[in-house]
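First up is the structure itself, then whatever we jot down about it.
The numbers here are math on the coordinates, done by the rules we state, and not lab data. Not measured: the values here are computed from a predicted model. Because the Cβ atoms are built from the backbone with ideal geometry, glycine has one as well, and the counts that use them run over all protein chains shown.
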Amino acid sequence: MPKNELRIGLIGLGQVCAAVHHPGLSRIPGVKIVGLCETDEMLLARRRKEWGIKAGYTDIDEFLKTVKPDAVSVSVPNVYHHDLVLKVIEAGCHVLCEKPLGMDVPETVDMYEAARSAGVRHMTAFTYRFVPGMQYLKSLVDKGALGEIRHARFQRLQDWGEASIGWRQYKHMAATGELGDMGIHRLDFAENLLGPIKAVTASSKQVVQRDHTAAGEPCEPQDVEDWVAWIAEFESGATGVFEMGKLTKGHGPGGDHDTCELNGSKASAGYQLHSPHTILMASPGKKYRRRTVPEAFLKRPGSPRNPAEGDPMQIFRYDQAWEFVSAIREGRDCLPSFYHGMRAQVVAEAIVEAAATRRWVNVPTWTKGKQK
């Protein structure tokens, strides 16, 4: 085995791992996926065959002890993140964990502090930071091309139908519904673009029961929200309006509505996921015009993927793996890290409180320690 080879294990082998983590990691030179861990024995057997990986385990302790990976990705239901990640950190592994980082703020604080104390690289899977249009939009904000950002809108509207969506529809497995599923991504990249959110007011609803499967079999009804909206005040003075929903007809597969629009004193600009290699841009008195994302922002520097190959709405996600591996190799912080996962959870819980109490809620400021 080459001396500089990075040995990575995959924990949780479901859809997200198959669509994002495995293809992203497996194409990076010098990275070898050395083991798989999954409690579903049939799924484990299928992935071992599909990916040609011999080492497969259903027990996390046996997996870590036997495989001894340098790093792992964790793609399991939210309720398991905390305990699995702490085991991974204790084993001395660098770790990439799916969002939301934990079930509540104390869990995310625990995970962040444990990773910092152990000196391992830690990353939260906020994939949408890697959309080419989003990266270009951030560059325009950072260099002041839009001027002072005054207000912004963020939407993720989908149609998942009214049948069961599995573990994501139960509080004991997911903590929240649409807020933790799609909203948490928007919280992260909104703060990445505009800085910290200082206060929120919100509303949320459980619109349907989801008490049957797609095949018509009865199941336990959902107990989380499937629509949520909030207004945020940023420390910068900007105002943001957010809306997330899974029951918006006309926004089904291939037509999902995912937008971010920033209005500044000099110009307005917007990102749309269905056109990830362009943005919309408008100067005062002018209509929006589509602008091509410059080549420098089509992928992360050094990334082995070709932006012209594959589905552009999918392949940008592979750069998440490149950031994780690059941070390990360079001995630097991952972006986004567990700090950002913790920070997003702090804001999310303020949104939950605001919706429950129907009032404005100030977002607590995390001051303990520094990002590492």
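How fast does the chain diffuse by Stokes-Einstein, in µm²/s, taking the Kirkwood radius from C-alpha pairs at 25 °C and 0.890 mPa s? Rounded to a whole number, D works out at 115 µm²/s.
With θ taken as phi - 60° and the Karplus curve 6.51 cos²θ - 1.76 cosθ + 1.60 applied, the whole-hertz 3J(HN,Hα) list for the stretch 147-160 is x, 6, 6, 9, 8, 8, 10, 9, 9, 9, 10, 9, 10, 9 Hz, x standing for glycine and proline. Listing His22, His257 from fewest to most neighbouring C-beta atoms within 10 Å gives His257, His22.
Only Cα sites of the stretch 6-126 enter the Debye sum here, all with the same form factor; the resulting log10 I(q)/I(0) across q = 0.09, 0.10, 0.12, 0.15 1/Å is -0.21, -0.26, -0.38, -0.60, listed in q order. Under the simplified labelling scheme, the Asp83-Ala356 pair shows an inter-label distance of 2.4 nm, with each label point 7 Å from Cα along Cα→Cβ. For the chain, adding -39500 (n - 2.57) for each run of n ≥ 4 DSSP H residues and dividing by the number of residues yields -9000 deg cm²/dmol at 222 nm.
Note on Gln209 and Asp59: the model spin-label points, each 7 Å out from Cα along the C-beta direction, lie 4.2 nm apart.
Here are some pairs, Lys249/Lys299; Lys171/Lys246; Lys54/Lys299; Lys143/Lys286; Lys249/Lys286; which of them have Cα atoms lying more than 23 Å apart in this structure? Those over the limit are Lys249/Lys299; Lys54/Lys299; Lys249/Lys286. Counting other Cβ atoms within 10 Å as a rough exposure proxy, the listed residues Ser117, Ser164, Ser26 run Ser117, Ser26, Ser164 from fewest neighbours to most.
As a proxy for reagent exposure, ranking Phe316, Phe154 by other Cβ atoms within 10 Å from fewest up yields Phe154, Phe316. Between the stretch 312-365 and the stretch 211-255, the C-alpha centres lie 18 angstrom from each other. The residue list Ala45, Gly24, Ala175 was ranked by how far each Cα lies along the charge dipole of the chain toward its positive end, using unit charges on Cβ atoms, and Gly24 comes out on top. With an a/c value of 1.5 or above and a/b not larger than b/c for the gyration tensor axes a ≥ b ≥ c computed over the alpha-carbon atoms, the stretch 269-346 is described as oblate.
Which of the three applies to the stretch 223-290, rounded, prolate or oblate, going by the alpha-carbon gyration tensor with a ≥ b ≥ c and a/c under 1.5 meaning rounded?
oblate
Modelled spin labels at His274 and Arg27, positioned 7 Å past Cα toward Cβ, are 2.4 nm from each other. Applying the Karplus relation 6.51 cos²θ - 1.76 cosθ + 1.60 with θ = phi - 60° to the stretch 26-42 yields 3J(HN,Hα) values of 5, 9, 8, x, x, 10, 10, 7, 9, x, 10, 9, 7, 6, 7, 5, 5 Hz, where x marks Gly and Pro.
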